[in-house]
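Participant: Got a structure for you, written out below as structure tokens; questions coming shortly.
The values are calculated or read from the model by the stated rules, or taken from the named source; none is laboratory data. Everything numeric here is computed off the predicted structure, so don't read it as measured data. Cβ coordinates were reconstructed from backbone atoms using ideal geometry, including for glycine residues, and neighbour counts include every protein chain displayed.
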Amino acid sequence: MDAVSSTFQAALTFVALSGVGCHMIFNRLEPRSIPVSASFIVIPPTILSTLLFSHCTSILAAIGTSFLAYLSALVTSVVLYRVSPLHPLASYPGPLMCKITKLWLAGIAMRGKQHVYYRDLHRRYGDVVRVGPNELSFANNSAISSMLGTKGMPKGPWWDGRMPENKKVRSLLALRDPEEHSRRRRIWNRAFTASALKEYDIVVRKRLAQLVEILTDNAGKSVDMSQWMGRFMYDVMNDIVFGGGVELMRDGDKDGLYKMFEDFLPMALLMSHVPWIGELSTHIPYFASNVKKFRTYAVNCAIERKLHGSPVKDIFYHLIDEAGLEAVPPSLAQVISDSAPAISAGAETTATALCNLFWLLLCNPIAYSRLQDEIDSASVAGVVDGETQKRLAYLNACINETLRLYPAVLSGSQRAPRIGSGGHTIGPHFIPEGTGAVVHSYTLQRDPRYFSPSPDSFIPERWLSPDEQRALKPAVFFNCTDEIIHDLSAFIPFSFGPANCAGKTLAYQELRMVICTLMTRFDMRFEEGFDARSWDDNLCDYFITRKGELPIVFTPRSL
Ligand code: HEM
């Protein structure tokens with residue numbers, strides 16, 4: 001080898017080693033800021049290319065060669081480290097591609113079927129699976145309390161990417177600091193006291209009357225329940241959160257609001273899985289424009305509401321502390337940060353649960369007629385009052401069975417050890433700092449260890465007491481030789497612990513009211529020729545579930 005080529009090789013090796021050095025620095029400091037990360041990637045190979053000038057035909061060729069050597073070494077070093085025994089999650093099983101890059105799971109998630117992918121991974125690898133380079137999924141009930149409970153972990157880096165624009169003031173959903181979260185959650189909880197729920201009850205009844213009128217006008221025709229439930233819940237949540245302002249049922253989606261929201265879901269999920277993409281979106285004007293538009297819309301609603309007030313005590317009333325109960329009232333910026341999540345957390349989740357429930361009932365005629373009988377026998381002049389609804393065992397069983405099979409947040413909400421905590425322990429498993437973790441509700445709630453027999457089947461009767469079960473004809477689980485298991489510790493559709501769903505009571509109240517009203521007023525059937533299996537095929541897990549069409553024919557019943 002001549003002297004020239006050996007100095008060239010030495011220079012190239014130096015550039016490549018700098019790439020490995022860059023990985024080490026990244027690994028230690030984990031810079032999240034795009035400008036800092038970009039400078040680590042761009043500045044060293046640009047400067048080091050000067051070492052190659054004399055060996056290349058042009059400056060451009062030297063820069064290109066330097067970048068190639070630097071980035072190849074950087075990527076190789078990252079990949080080797082992630083699959084090596086040196087990685088802190090090396091002992092956890094999982095697919096090779098998941099260990100190498102989060103982009104793999106993000107790609108699967110964008111296609112909408114991450115819940116099924118996680119379930120298959122758990123079937124293959126067991127209760128704890130490494131689903132990303134620095135991410136674990138758990139599918140056993142013993143992980144719930146230690147991950148999500150009061151001594152559990154705060155929210156994970158997922159939320160940094162999902163809501164990157166709210167760096168200083170974060171929405172409750174995305175708050176990773178547990179002290180700040182519990183302070184804000186205390187205010188949120190005031191929006192769901194018994195007296196607050198009574199106010200919302202009036203709103204829901206009014207909107208339901210409007211929905212009934214629309215369905216009556218369309219009697220005998222096929223209507224897409226998925227669209228109508230979405231519009232209905234959207235109007236309801238706008239009324240409940242901001243005291244009104246949106247009329248999707250009356251005017252249709254003329255401003256493309258609902259479409260904007262639906263389109264925003266896959267991009268928001270990508271940004272959650274790969275937080276630097278979320279961070280990047282804040283620097284690129286047209287990137288993730290649906291996400292930005294939807295948030296801008298919600299921010300405007302909050303500002304309007306603040307300026308003009310509301311005739312009812314809506315959620316905003318409690319969040320902005322119009323009653324003056326807080327020594328230091330929440331800032332407008334804080335309340336604004338909660339506006340978009342308040343609508344999306346409440347509207348789409350409940351609409352999805354309702355659609356899933358009616359789909360499951362229509363696929364299971366015995367369950368449908370049992371529920372119909374129960375509601376009919378409780379109704380007085382076509383109305384079942386709220387207190388009676390709470391006591392209807394079969395109604396509540398149908399709701400819970402739906403939420404068991406299809407929790408509206410199919411893949412759970414991420415947690416991570418607190419920064420500086422040194423890590424967290426879940427049973428025999430150590431979760432190092434910097435690791436995200438979920439309890440995968442979709443897998444957990446269909447596990448035969450917790451719900452048996454037939455964990456994948458819609459059997460509302462499993463929620464009834466043994467006496468209630470025996471009284472049914474045909475009896476359920478009669479002559480069943482399998483052990484009957486109904487372990488509520490594995491039922492977490494509203495999550496668990498101090499950051500569980502703040503709107504759980506409201507959600508149950510809305511679900512009961514809508515089901516009772518629609519079932520007293522209408523008979524329902526699928527549109528002729530509808531392939532019922534397509535509903536499940538079209539459900540997409542974008543953290544919030546996105547649904548396909550649900551064509552149903554409503555026929556008014558005589559009261
Ligand atoms: C069937 C309906 C619903 C389901 C299945 C559901 C489920 C969930 C889940 C799984 C979470 C994540 C909790 C976590 O991070 O561990 C959540 C959070 C939340 N939900 Fe719901 N939700 C529903 C309806 C509602 C409604 C009607 C509201 C009313 C505004 C609401 C408000 C919230 C809020 C504010 C949070 C954030 C809680 C926190 O971080 O402290 N949800 N929900």
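Participant: How many residues, within region 73-96, are hydroxyl-bearing (S, T, Y) and more than 29 Å from the chain's Cα centre (by Cα)? Outline the logic, then answer.
Facilitator: Applying the first criterion (hydroxyl-bearing (S, T, Y)) to region 73-96 yields 76-77, 81, 84, 91-92.
Then keep just the ones that are more than 29 Å from the chain's Cα centre (by Cα); that gives 76-77, 81, 84.
Number of matching residues: 4.
Participant: Looking only at region 301-333, count how many residues are over 25 Å from R183 (Cα atoms) and assigned to a helix (DSSP H, G or I).
Facilitator: 3
Participant: Also, I was wondering about something else. State all residues of region 48-79 that are surrounded by fewer than 15 Cβ atoms within 10 Å (Cβ to Cβ) and of a type outside the set (A, V, I, L, M, F, W, C); if no residue qualifies, say none.
Facilitator: The answer is T50, S54, T57, S58, S72, T76.
Participant: Here is a follow-up. Can you tell me which residues in region 462-487 are within 22 Å of R391 (Cα to Cα) and exposed (fewer than 12 other Cβ atoms within 10 Å of the Cβ)? Spell out the reasoning first.
Facilitator: Here is the first cut: in region 462-487, the residues within 22 Å of R391 (Cα to Cα) are 462-473, 475-476, 486-487.
Hits for region 462-487 are S465, P466, D467, A471, K473.
Participant: Among the residues of region 163-181, is any within 14 Å of the ligand (Cβ to nearest atom), part of a loop (DSSP other than H, G, I, E, B), of a type in the set (G, A, S) and surrounded by 19 or more Cβ atoms within 10 Å (Cβ to Cβ)? Show your work before the answer.
Facilitator: Going through region 163-181, the residues within 14 Å of the ligand (Cβ to nearest atom) turn out to be 163, 166, 170-181.
Then drop every residue that is not part of a loop (DSSP other than H, G, I, E, B), which leaves 163, 166, 170-171, 175-177.
This time we only want the ones that are of a type in the set (G, A, S), so: 171.
Then keep just the ones that are surrounded by 19 or more Cβ atoms within 10 Å (Cβ to Cβ); that gives 171.
Yes, region 163-181 has at least one match.
Participant: Provide a single number: the residues in region 467-502 that are farther than 20 Å from D456 by Cβ, part of a loop (DSSP other than H, G, I, E, B), of a type in the set (A, V, I, L, M, F, W, C) and more than 16 Å from the ligand (Cβ to nearest atom). Let's see the steps before the verdict.
Facilitator: Narrowing region 467-502 to residues farther than 20 Å from D456 by Cβ: 467-468, 470-475, 478-479, 494-502.
Then drop every residue that is not part of a loop (DSSP other than H, G, I, E, B), which leaves 472-475, 478-479, 494-496, 500-502.
Retained after the next criterion (residues that are of a type in the set (A, V, I, L, M, F, W, C)): 472, 475, 478, 494, 496, 501-502.
Okay, now just the ones that are also more than 16 Å from the ligand (Cβ to nearest atom), so 472, 475, 478.
Residues meeting the conditions: 3.
Participant: What number of residues within region 183-198 are loosely packed, with under 14 Cβ neighbours inside 10 Å and within 11 Å of the ligand (Cβ to nearest atom)? Full working, then the answer.
Facilitator: Quick first cut of region 183-198, residues loosely packed, with under 14 Cβ neighbours inside 10 Å only: 186, 189, 193-195, 198.
Add one more test, that the residue is within 11 Å of the ligand (Cβ to nearest atom), and what stays is 186, 189.
Number of matching residues: 2.
Participant: Just checking, does region 128-146 include any residue being free of Cβ contacts under 8 Å to residues at least 40 places away in the same chain, closer than 21 Å to R415 by Cα and over 21 Å from the mean Cα position of the chain (by Cα)?
Facilitator: There is no residue in region 128-146 that is free of Cβ contacts under 8 Å to residues at least 40 places away in the same chain, closer than 21 Å to R415 by Cα and over 21 Å from the mean Cα position of the chain (by Cα).
Participant: Could you check, for region 510-518, whether at least one of its residues is more than 9 Å from the ligand (Cβ to nearest atom), in contact with a Ser or Thr (Cβ under 6 Å, 6 or more places away or on another chain) and in contact (Cβ under 8 Å) with a residue 24 or more places away in the chain?
Facilitator: Taking region 510-518 and keeping what is more than 9 Å from the ligand (Cβ to nearest atom), we get 512-518.
Within this subset, residues satisfying the condition of being in contact with a Ser or Thr (Cβ under 6 Å, 6 or more places away or on another chain) are none.
For region 510-518, residues more than 9 Å from the ligand (Cβ to nearest atom), in contact with a Ser or Thr (Cβ under 6 Å, 6 or more places away or on another chain) and in contact (Cβ under 8 Å) with a residue 24 or more places away in the chain: absent.
Participant: Suppose we filter region 217-248 for residues that are touching a residue at least 24 places away in the same chain (Cβ under 8 Å), farther than 27 Å from D541 by Cβ and part of a helix (DSSP H, G or I); how many remain?
Facilitator: Result for region 217-248: 2.
Participant: Which residues, counting only those in region 256-271, are in contact (Cβ under 8 Å) with a residue 40 or more places away in the chain and either within 16 Å of the ligand (Cβ to nearest atom) or surrounded by fewer than 17 Cβ atoms within 10 Å (Cβ to Cβ) (or both)?
Facilitator: Scanning region 256-271 gives F261, L265, A268, L269.
Participant: Any residue in region 353-379 that's farther than 12 Å from Q389 by Cα: show its pairings with residues that are of a type in the set (S, T, N, Q) and in a helix (DSSP H, G or I) at Cβ separation under 7 Å, as long as the two are six or more apart or on different chains.
Facilitator: Matching pairs, first to second residue: A353/T402; C355/S226; N356/T402; L357/T402; L360/T402.
Participant: Going by the conditions given, is T388 within 16 Å of the ligand (Cβ to nearest atom), within 25 Å of L506 (Cα to Cα) and of a type in the set (S, T, Y)? Spell out the reasoning first.
Facilitator: Working: within 16 Å of the ligand (Cβ to nearest atom): no; within 25 Å of L506 (Cα to Cα): yes; of a type in the set (S, T, Y): yes.
Spelling it out, it is not the case that T388 is within 16 Å of the ligand (Cβ to nearest atom), within 25 Å of L506 (Cα to Cα) and of a type in the set (S, T, Y).
Participant: Test R415 against the stated conditions and say whether it is charged (D, E, K, R) and either more than 16 Å from the ligand (Cβ to nearest atom) or over 25 Å from R130 (Cβ atoms) (or both). Break it down into steps so the answer makes sense when it comes.
Facilitator: Details: charged (D, E, K, R): yes; either more than 16 Å from the ligand (Cβ to nearest atom) or over 25 Å from R130 (Cβ atoms) (or both): no.
So R415 does not fit the description; no.
Participant: If you go through region 29-46 one residue at a time, do you hit one that is crowded, with 17+ Cβ neighbours inside 10 Å, farther than 29 Å from L269 by Cβ, touching a residue at least 40 places away in the same chain (Cβ under 8 Å) and over 24 Å from the mean Cα position of the chain (by Cα)?
Facilitator: There is no residue in region 29-46 that is crowded, with 17+ Cβ neighbours inside 10 Å, farther than 29 Å from L269 by Cβ, touching a residue at least 40 places away in the same chain (Cβ under 8 Å) and over 24 Å from the mean Cα position of the chain (by Cα).
Participant: OK, next. Can you find a residue that is modelled with pLDDT of 95 or more, under 30 Å from R205 (Cα atoms) and within 16 Å of the ligand (Cβ to nearest atom) anywhere in region 433-452?
Facilitator: no
Participant: For A323, all conditions in the list (1) surrounded by 15 or more Cβ atoms within 10 Å (Cβ to Cβ); (2) over 30 Å from P275 (Cα atoms); (3) among the aliphatic types (A, V, I, L, M); (4) at pLDDT below 90 hold save one; what is the number of the exception?
Facilitator: Tallying (1) surrounded by 15 or more Cβ atoms within 10 Å (Cβ to Cβ); (2) over 30 Å from P275 (Cα atoms); (3) among the aliphatic types (A, V, I, L, M); (4) at pLDDT below 90, A323 fails exactly one: (1).
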